[in-house]
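Worksheet: the structure to be examined is printed underneath.
The values are calculated or read from the model by the stated rules, or taken from the named source; none is laboratory data. Values in this document were obtained by computation on a predicted structure and should not be read as measured data. Don't worry about glycine lacking a Cβ; one is built from the backbone with ideal geometry, like all the others, and counts go over all protein chains shown. For accessibility, only protein heavy atoms count, side chains too; no ligands or nucleic acids. Shrake-Rupley method; radii C 1.70, N 1.55, O 1.52, S 1.80 Å.
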Amino acid sequence: MSSSDKETTIVAFCCIYCAYAAADLAGSMRLQYPSNVRIIRTPCTGRLEVEYFLRAFENGADGVLVAGCEEGSCHFKEGNLIAKRRVNYARKLLAESGLEAERLKMVNVSAAGARLFTGHVREMAETVQRLGPSPLNRAKTRVQQEIKP
Amino acid sequence: MIVAERKSIPELLDMLPNDSKILVLGCGTCVTVCLAGGEREVSIISSALRIASKARGLGYEVSELTIERQCDNVFIEQAIEAIEKVDVVLSLGCGAGVQAIAERFLKKPVYAGLNTKFLGILEERGVWTEKCSQCGSCVLHEYGGICPVTRCAKHLLNGPCGGSREDRCEVRPDRPCAWQLIYHRLKNIGQLERLEKIEPPKQWSASLSGGPRVIIREDHRI
Ligand code: SF4
Ligand code: SF4
């Protein structure tokens with residue numbers, strides 16, 4: 001984990017039927033992945049609304065991953081396809097608002113895809129590292145740095 | 001219903017003054033149904049404005065409220081308290097809603113967060129189409145219920161223009177030729193003979209071309 005990982009937060013909305021199980025499996029397999037990811041279990045990615053993604057950024061996320069089932073294997077048939085469209089719309093809104101769209105990303109992972117899941121988290125951590133902390137958090141980070149000895 | 005579309009966030013940022021308290025005011029009627037200005041959109045736009053404000057240091061303080069109908073005094077009353085607390089109102093109502101709010105709060109700047117587009121219907125999920133341009137003297141009965149004033153790109157009352165290709169309008173190939181639709185519809189309802197009649201020039205003075213319109217019902221006045 002790099003020093004900037006410590007200062008940033010990635011929120012991962014994980015569908016209970018796939019990505020959440022994959023994250024669990026990653027733990028059982030003792031796979032390493034960035035520890036600044038905060039996993040939120042969701043009943044289906046189709047349950048997530050556009051404002052959930054925006055609120056995550058408002059509340060301090062530097063990157064947001066939405067991890068649903070592989071296309072065609074959603075437990076509720078098309079929840080992940082709905083999520084994909086909502087994520088695309090939210091990305092557009094973020095870009096209009098002055099945040100990089102890449103900070104929000106939808107990925108598809110099966111319940112067996114532990115390595116795939118950790119790969120996605122790592123990739124998002126790299127994106128966040130490249131972009132730096134969210135501009136919404138930069139002021140805060142500066143203050144934290146100033147008070148550090 | 002009235003169909004509207006949100007303005008982009010940069011457009012809103014241009015409009016809204018920095019360091020101000022903003023009420024994003026939604027409307028629970030037409031613009032809720034067309035997914036442009038209901039409670040959900042109020043929540044989304046407010047969130048986007050807060051993000052933009054933090055990212056660019058604009059100093060917005062954003063609050064949210066959605067009332068049942070912005071074009072109706074009875075419901076506007078429910079917004080008085082919230083409006084009084086802020087510097088400006090960003091209305092997500094249609095053009096009529098924005099003006100209804102502005103007329104009742106004389107010293108409060110009220111901005112339109114939507115572009116009001118047309119009178120139309122939900123054609124299929126996520127697709128709205130224009131059906132009526134409020135010409136003021138409806139001729140739908142002559143055309144099997146399909147409006148040539150609105151749906152024919154050339155507004156032809158004695159169509160078709162002859163340019164239609166494969167049922168598509170020559171001006172807007174993404175839309176069906178209204179006259180093709182009128183022909184099929186009249187055929188289906190056994191009224192094709194209507195097409196033999198030449199429709200005289202339309203009274204456009206009943207439309208917006210005759211100036212802003214007003215309807216007065218003496219039986220309802222007090
Ligand atoms: S004829 Fe006029 S009132 Fe009737 S649908 Fe067309 S535009 Fe609307
Ligand atoms: S193609 Fe049909 S709808 Fe288009 S302008 Fe001609 S008559 Fe009107």
Amide H contacts under 5 Å for A:Val107, restricted to residues at least 5 apart in sequence or on another chain and with H modeled in the peptide plane, are A:Val66, A:Ala67, A:Gly68
Sequence-separation-based contact order of chain B, relative, with Cα cut under 8 Å and 6+ spacing, percent: 17
Solvent-accessible surface (1.4 angstrom probe) belonging to B:Trp204, in square angstrom, nearest 10: 110
Where does the charge balance sit around B:Ile182 when Lys and Arg score +1, Asp and Glu -1, over other residues with C-beta under 11 Å from its C-beta? +3
Collect residues whose amide H, placed 1.01 Å from N in the peptide plane, falls under 5 Å from the amide H of B:Thr66; neighbours closer than 5 in sequence don't count. B:Gly26
Ranked by GNM mean-square fluctuation in chain B (Cα springs under 10 Å), the top entry among B:Ser63, B:Ser205, B:Ser133 is B:Ser205
Quick one: which residues, 5+ away or cross-chain, put their amide H under 5 Å from the amide H of A:Thr42? H built at 1.01 Å from N. A:Cys14, A:Cys15, A:Ile16
Here the tail fraction of P(r) beyond 22 Å, over all Cα-Cα pairs of chain A, rounds in percent to 38
Mind checking which of A:Phe53, A:Phe13, A:Phe76 has the largest fluctuation in a GNM of chain A, springs on alpha carbons under 10 Å? A:Phe76
Got a sec to turn the phi values of the stretch B:87-99 into Karplus ³J(HN,Hα) couplings, 6.51 cos²θ - 1.76 cosθ + 1.60 with θ = phi - 60°, whole Hz, x for Gly and Pro? 8, 9, 10, 9, 8, 9, x, 6, x, 5, x, 4, 6
Using a 1.4 angstrom probe with every protein chain in place, what is the largest-first accessible-area order of B:Lys154, B:Lys187, A:Lys77? A:Lys77, B:Lys187, B:Lys154
In terms of the alpha carbon gyration tensor, root eigenvalues a ≥ b ≥ c, rounded if a/c is under 1.5 and otherwise prolate when a/b exceeds b/c or oblate, the protein assembly as shown is oblate
Where a ≥ b ≥ c are root eigenvalues of the Cα gyration tensor, a/c under 1.5 meaning rounded, otherwise prolate if a/b exceeds b/c and oblate otherwise, the stretch B:2-118 counts as oblate
Sequence ranges B:76-83, A:119-126, ranked by mean other-Cβ count within 10 angstrom, highest first: A:119-126, B:76-83
Counted charge near B:Ser8, where neighbours are those whose Cβ lies closer than 11 Å (Asp, Glu -1; Lys, Arg +1): -1
Ranked by GNM mean-square fluctuation in chain A (Cα springs under 10 Å), the top entry among A:Ile82, A:Ile39, A:Ile16 is A:Ile82
In percent, how large is the relative contact order of the stretch B:2-118, given Cα pairs closer than 8 Å and 6 or more residues apart? 35
Hey, what do the phi angles of the stretch B:184-191 turn into as Karplus ³J(HN,Hα) couplings, whole Hz, using 6.51/-1.76/1.60 and θ = phi - 60°, x for Gly and Pro? 4, 5, 5, 5, 4, 9, x, 10
For the stretch B:40-51, Karplus couplings with θ = phi - 60° (6.51, -1.76, 1.60), whole Hz, Gly/Pro x: 5, 5, 4, 5, 5, 5, 4, 4, 4, 5, 5, 5
